[in-house]
Amino acid sequence: MKSKYVAFAICMSFVAALFLSALAGNVRAEEENSAGKQGYSEKEEYKAQAKQKLAEEDRKISELEAKARDGNADERAEARKGLRELRRKHATLKSDIASLETAGKDTWEAAKREVNMAIDDLETTYNRVRDYFR
């Protein structure tokens, strides 16, 4: 009789161990899923900010193009050269932002760095070209 109780206790211990390990696995999976969702929202927020920055730079470039039409011939020629460079860098930024859409977990940081560098480059060029009009 005693051996039946021991066997029953061993079986119950085994079942409890299996149940607890499955429960711990579910908790771990839930934590990973939650962290993944947070990372997803941060990526979406960054992409939205980058797209907003692209639109802002486009607006600023358009304003400079309007000013370029008002200058004299020499100013217009120099401004057109700078504006072409701005539009080229704007296109690069747009392409880099598009690459964020396909960036995976392992390439996200590199793609984000490229976008940040393209933004800095475009802003530097914008400031230089804007000085033509002062």
### Query
How many nm separate the modelled label positions at residue 69 and residue 134, each set 7 Å beyond the Cα in the direction of the Cβ?
2.5 nm
#### Entry: residue 76-residue 48 FRET efficiency (beta carbon distance; Förster radius 30 Å; 0.05 resolution)
0.25
### Query
In nm, to one decimal, how far is the modelled label at residue 108 from the one at residue 59, with both set 7 Å along Cα→Cβ?
2.9 nm
### Query
Ordered by residue, what ³J(HN,Hα) values in Hz, to whole numbers, does the range 41-46 give under the Karplus form 6.51 cos²θ - 1.76 cosθ + 1.60, where θ = phi - 60° and Gly and Pro are x?
5, 5, 5, 4, 5, 4
### Task
Find the centroid of the Cα atoms in the range 69-134 and in the range 50-64, then give the distance between the two in whole Å.
9 Å
### All lysines inside 29 Å of residue 43 as judged from Cα atoms, apart from same-chain residues fewer than 8 positions distant
51, 53, 60, 89, 94, 105, 112
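Throughout, read-outs are computed from the coordinates displayed, never taken from laboratory work. Being a predicted model, the structure only gives us computed values, none of them experimental. Every residue, glycine among them, receives a Cβ derived from its backbone with ideal geometry; neighbour counts consider all protein chains shown.
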